[in-house]
Amino acid sequence: LTAQPPHDARGTTQGLDWESHAQPDSSGAMGNTFSGLGGSGSEHGDDVGEQDSLTVGLSIDEIEQLTAPAHESHLARLERLSRREKVVEVFKSVTFGTVMGQYSFLLFLALVLLIIGTIGWMQTTGTQDYDTSLDQSIWLSYCMFIDIGTQTAVSADESWQIKLTVAILSFFGFCFNLTFLSVVVDNVRTLLDRLYTRYSQLIVRDHVVILGWTNKTLFLVDELISMFIETGGKGDIIIMGNSISRYEMLRTVELTFRRRNPPKPRGVRIRVWEGDSAEEDDLTRLSINTARFVVCLSEAEDPRMADAQVLETLLSLQSLDLEDQVTGTIIAEVRTGDGRRVLNELNQHTERDVLAVQSAQAVDKVIGFTSLEPTVGEALIELISFEGNNFFFENVDTTLIGMTFGELQHHFPLCVLCGVHSSKAKGAMSTEVLIAPSALRKVQPGDRLLLIAMDRRAIEDAGAEGKSTGCLPFNERAVVASGSSPAAKNTGRRDSVQAATAVRVRDIKQQPWLRQTVLIIGWRSAREMADLVRVLSKMLLPGSEIHFLSAVDEGVRSAALREEMGFLAALTDLAGGVSSVSIVHHTGSPLASGAIELLPLRIAAVAIVIADPGSLTLVEDKDLYVKGAARLRDARVFHINTLLRKAAPDLRIVPIFEDILTHRLITPDSPLVNHSEGAGYGLTAVIHRNSLETGLIAMQADDPTLVFVFSQIISLESGSKEHKIFSIPFDKAWLEAGQYTEGESWPELSFYDVADAMFNEHGHVLVGYLDASAVDCVLNPENKARPRTWLPTDELLLMRGHGDSKGTRGGSGGGFSLFSAT
């Protein structure tokens, strides 16, 4: 690169104009030309070593860009030209650089063609209809030029000279007309596009606006469609983004929802708009002042940058004119605690509050529950989505006022009563939600009941059924004890040896009262990893270990976690020491089976698989939206999951997927991830992260109080390991409730029988159970009065009662001694 380039006879470098840089010496060499690039020029001889290092690794094209002179301005070029050249340059600029100049040039060209056609016809002998006079020659030339069909008037008996002249005139006229009309059409199209860009607007009312085209947008649209189907609503869903074109957005939406099951209702339309959510003009074009609610999403991958973009959008919404202000609900997705605090501060200085949803943090907790308490995690995933059982609030009927919470336990046969939302709470809070309150808590006017049901129609049917069947009050139902129920006479139990074989090695490794080893395969941003580690640290017992495997350098990961988790230094030993939870880093590509063998697979309880961006880290961190990046990450997750399943058949794996197409392809029971190659094969708990996050956003749009309820249920802020929602093996729960003595046979019990015993003894609300024989979590069973045979390995899913919660038999309302005697 530092050698002298070849020269032509004039002493200039071949292929480049070096005359403006230096003049050749007497030998024709350009000594000073390359002196800035490490040559031997006399003016820069002292800097040879430093300048030579600048060219190392550069291509010829890059060197040309570095050495090329700056582009001359138009005025500087005119000053350098002669007077004649200046006139020519100005004439070219006016003729070809303006619209009027182009039209003038075309008209001039048409006039020239007409003159040539006139002269050409005058050189012929003429025909019976057109002679060779000047006026008739001009008219014939014009007709042939402007209308190609005029040549058909020429008889086939005419001479070849006339036919050739007519054909040539028609051909050039046809070409000119095509050119001229194409210019006119192009200018008209440009004018219409300019008018459309300036005046276009969506005239709609009571619609939903989603600001931002991200990997979560289509998931959110899918949740909103499910919400509309469930509530019977309709309206437009408008998506605005600027990361891809409007055509690409519309095409993606059509391909995604074309075969949706159940199909999109007729009254729901999905419309896309290309624009910037930070621009006030683009916001007003969406009729945002009449929107039912507005959802703000961020297109950035980095959590802090995402919060900054959402805040920019919110400031633009607040700066709209008074008549353009949003009258509906504004929902903003925040990714960090700092972003939430900034948003709360903003709400104190604005007239309309913004509802913040920290969905990423909530999903991290769901991942933690799914990994360490699978029954709870499976129930939480079902409660988030609008498909399956959900939380609902039901206004209290006048006939229910004055009844106690215990008496209402069986009033809704198709639902599970979980709590009460009081609008007349005393103290600083104007409202409160009591989950599993005391059985003696009376229902007051204005209260709402918190229920788990399939849909709102089930609540209405359940209320009517409860009135018609005349269910006995809760305190009048006989408390089930061993042998006291008629169902107890029918033992119907399975052989104890058969029940014992249902307990597998992995079940023992996942017991919540044992120290556990958790594997995290893959790496994302330091903030996301720190949030996940923080959640797991609160759920694991002292002495547990978290092992990371990633291709990212171990020092980079350790330093990033130390920086993000400085406030957790007392809780988590990031160096892998002997404090509460140890973190161990392994370096290697998760896509290689050899690297997976570095992990302690034999003692691990669960493995969480996260896509390792690898070589795409820089692209994904810097770009706002990378098309296909989520799908590529999902492909890597599937690859790792397959290798991991082969290496550890009995390990519980939690792969985390992101793309909407993967959500369609890989379901929780898909044979692609769940293998049935023997009784010892571990289960794969599939998590679609973006689907869960958008489910929480849709829940916020449906009823903001439901998000508050969900945050209470998954809260990990209490000092103990006693979570609001938890699971416990049936035999231990039944023994703790005083309903079973070792050696007795298992009776057939209904869901109501078990629920009554749990509520009487501890104040806990039974919401579902895990059927160990089918490995299926049943939330809100349909026929709660039908007896079933319970296995010792079945798990009960319970909502923990308040400290003052008591059933009709008294009870302490605390947790089971199983969890307090760790």
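So how many residues does the stretch 642-660 have that are closer than 15 Å to Phe548 by Cα and in a helix (DSSP H, G or I)? Spell out the reasoning first.
Filtering the stretch 642-660 down to residues closer than 15 Å to Phe548 by Cα leaves 644, 653-655.
Then keep just the ones that are in a helix (DSSP H, G or I); that gives 644.
The total comes to 1.
Taking the criterion of being modelled with pLDDT of 50 or more and within 29 Å of Pro747 (Cβ to Cβ), would at least one residue in the stretch 509-520 satisfy it? I'd like the intermediate steps shown before the answer.
Taking the stretch 509-520 first, the residues modelled with pLDDT of 50 or more are 511, 514-520.
Right, trim to within 29 Å of Pro747 (Cβ to Cβ) and you get 511.
Yes, the stretch 509-520 contains at least one residue that is modelled with pLDDT of 50 or more and within 29 Å of Pro747 (Cβ to Cβ).
Rundown of residues vs (1) assigned to a helix (DSSP H, G or I); (2) open to solvent by less than 10 Å² (accessible area, probe 1.4 Å), yes/no style:
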position: Glu345; (1), (2): yes, no
position: Thr350; (1), (2): no, no
position: Gly368; (1), (2): yes, yes
position: Leu380; (1), (2): yes, yes
position: Glu394; (1), (2): no, no
position: Gln409; (1), (2): no, no
position: Gly419; (1), (2): no, yes
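Which of the numbered conditions does Leu255 fail, given that it passes all the others? Conditions: (1) open to solvent by 10 Å² or more (accessible area, probe 1.4 Å); (2) in contact (Cβ under 8 Å) with a residue 60 or more places away in the chain; (3) more than 22 Å from Asp206 (Cβ to Cβ).
(2) is the only condition that Leu255 fails.
Restricting attention to the stretch 431-451, and to residues there that are part of a strand (DSSP E or B) and charged (D, E, K, R), which single residue is modelled with the lowest pLDDT? Spell out how you get there, then give the answer.
Going residue by residue through the stretch 431-451, those that are part of a strand (DSSP E or B) are 432-435, 442, 448-451.
From what is left, the residues that are charged (D, E, K, R) are 432, 442, 448.
Values: Glu432: 82, Lys442: 90, Arg448: 91.
So the residue we want is Glu432.
Which helices (runs of 4 or more DSSP H) sit wholly inside the stretch 75-182 and have at least 2 residues that are aromatic (Phe, Trp, Tyr) and crowded, with 17+ Cβ neighbours inside 10 Å?
Those helices (runs of 4 or more DSSP H) span 134-146.
So, in the stretch 757-784, how many residues would count as being at pLDDT 90 or above, open to solvent by 10 Å² or more (accessible area, probe 1.4 Å) and over 18 Å from Asn389 (Cβ atoms)?
0
Select from the stretch 314-326 the residues that are within 19 Å of Gln201 (Cβ to Cβ) and in a helix (DSSP H, G or I) and list them in ascending order.
Scanning the stretch 314-326 gives Ser316, Leu317, Leu322, Glu323, Asp324.
Between residues in the stretch 216-231 that are outside any helix (DSSP H, G or I) and residues that are charged (D, E, K, R) and open to solvent by less than 10 Å² (accessible area, probe 1.4 Å), which pairs lie under 7 Å by C-beta distance while being six or more apart or on different chains?
Lys216/Glu693
Only residues that are assigned to a strand (DSSP E or B) and within 20 Å of the chain's Cα centre (by Cα): list them for the stretch 237-280, please. Can you show your working first?
So the first thing to find is which residues in the stretch 237-280 are assigned to a strand (DSSP E or B), and the list is 237-241, 268-274.
Those that are assigned to a strand (DSSP E or B) and within 20 Å of the chain's Cα centre (by Cα): Ile237, Ile238, Ile239, Met240, Gly241, Ile270, Arg271, Val272, Trp273, Glu274.
Taking Ala551 and the conditions (1) among the aliphatic types (A, V, I, L, M); (2) at pLDDT 50 or above; (3) crowded, with 19+ Cβ neighbours inside 10 Å, which numbered condition does it fall short on, given that it satisfies the others?
Failing condition for Ala551: (3).
The values are calculated or read from the model by the stated rules, or taken from the named source; none is laboratory data. Given the structure is predicted, the values throughout are model-derived calculations rather than measurements. As a convention, Cβ positions derive from the backbone with ideal geometry for all residues, glycine included, and neighbour counts pool all protein chains shown. Please note that ligands, DNA and RNA were not included when accessible areas were found on the heavy atoms of the full protein model with its side chains. Shrake-Rupley method; radii C 1.70, N 1.55, O 1.52, S 1.80 Å.
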